[in-house]
Structures are given as C-alpha cells and as structure tokens.
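Read through the structure below, which is laid out as structure tokens, and then see the notes.
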Amino acid sequence: MMRFVFDEHRAAQAASILLDRAGGSMEYIKLIKLLYLVDRAALIETGSPITGDHYVSMKHGPVLSKVLNLIKQSLPREDSIWHKYVQRQHFNVKLVDTAASDQLAEYDSDLLNSIFDSYGSWRSWAVVDHTHSLPEWTDPGETSIPIDPADILRYAGFDSNELRLAVEQAEAAYSMRTQLAMAE
C-alpha cells in the first residue's frame, strides 16, 4: 500500500480554492469528490497527491478519508486548520475565510482550477456517478474498503517499473515526512 502523510493545511487550502470558485459553498459530497479527483490527477501526473489523504471506496464512491472525518466532526479541535476555513452546515460546506495558498504550488492551484472547470458545474450526484465509473472504486456496501494509490497508477497505465519507482519514491517521502514530524 502506497503511503502519504496527510497535510491538513494543504487540504484546507485546496478546499478553499474549490469553494471560492463555487461562490463560497457547495454540498459536502461534491467537495469530497472534487478533492478526490484532484488528488487522483496529481498522483497520476506527479506520483504525489495534493492532500496526502487515505483513499477509501464507500457506497457513494471513492473519498478522502480524513477530509470526510474533518467535515463530519461535530466538535472540531480548537487547533483545526480545516475548520478555520471550512465549516459544515447540514449537507453543505461553506468557506468561512479564504485560505492563503502558500502551501500549494502553482501546479496544485492550476490542477484545482482545471478540475473545477471540468466538474464544478455538474450536479453533486452526477459527480458521484462519475466517480463510480473509476476503475479503483469497488462497491463496499455499507462499509468502506481502502484504495491503494498504486492501483490508481496501475489502472492509469503505469508499467511494473514505473509503478515500482513511484512506490519507492512515495515510501521515501513518507519516511522522511514522518521522521521530520517526530523530530518537531
């Protein structure tokens, strides 16, 4: 299983860009799907996702696990970066404050805007239906099933050598980021 370190700051900044483009709010299921599509595209194009979140198949398609948990938290942590910018209201999320994009590269912002240009005008459930067509999604019924990012790369056409290299690079980055986090 390819591993990445979740970056709440980058996830909040990515959500901020998408919500801003949507006029400040959208259904949270659509935001989760757009963020998944962005992470998936970044993974395929660069070998590294924007958020570093864990992917899971759920009844309504693939999702970013930690982002979903942040959205569904009824009592957010006081130090939550996510909740400083994004808050849930029933089935919607709204942009509370625009996050700076200092944690995102120009590539990240361009990709977020590209995904929004492609899917932002779609109804939420049309985006859900689209994610059901992705080859890495498996219907888990009422539970969830982890999605290995390596499977996404395999379905995208990576050969065994490209896949091995991508997994090795991801593992090296994961090891470095976890060691840095422990040192802080």
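The values are calculated or read from the model by the stated rules, or taken from the named source; none is laboratory data. On a predicted model such as this, the values are computed, not experimentally measured, just so you know. Here Cβ is always computed from backbone atoms with ideal geometry, including for glycine, and neighbour counts include all displayed protein chains. For accessibility, only protein heavy atoms count, side chains too; no ligands or nucleic acids. Shrake-Rupley method; radii C 1.70, N 1.55, O 1.52, S 1.80 Å.
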Kindly indicate the residue of the range 126-160 that is assigned to a helix (DSSP H, G or I) and small (Gly, Ala, Ser) and also surrounded by the most Cβ atoms within 10 Å (Cβ to Cβ) among those meeting that condition. Ala150
Please tell me if Leu163 is surrounded by 12 or more Cβ atoms within 10 Å (Cβ to Cβ) and touching an Asp or Glu at 6+ places or on another chain (Cβ under 9 Å). no
Can you find even one residue in the range 31-47 that is at pLDDT below 95 and open to solvent by less than 40 Å² (accessible area, probe 1.4 Å)? yes
Looking at this structure, is Glu136 under 28 Å from Leu31 (Cα atoms), in contact with a helix residue (DSSP H, G or I) (Cβ under 8 Å, 6 or more places away or on another chain) and among the acidic types (Asp, Glu)? yes
Among the numbered criteria (1) touching a residue at least 12 places away in the same chain (Cβ under 8 Å); (2) part of a helix (DSSP H, G or I); (3) open to solvent by 60 Å² or more (accessible area, probe 1.4 Å); (4) polar (S, T, N, Q), which single criterion is violated by Asn113? (3)
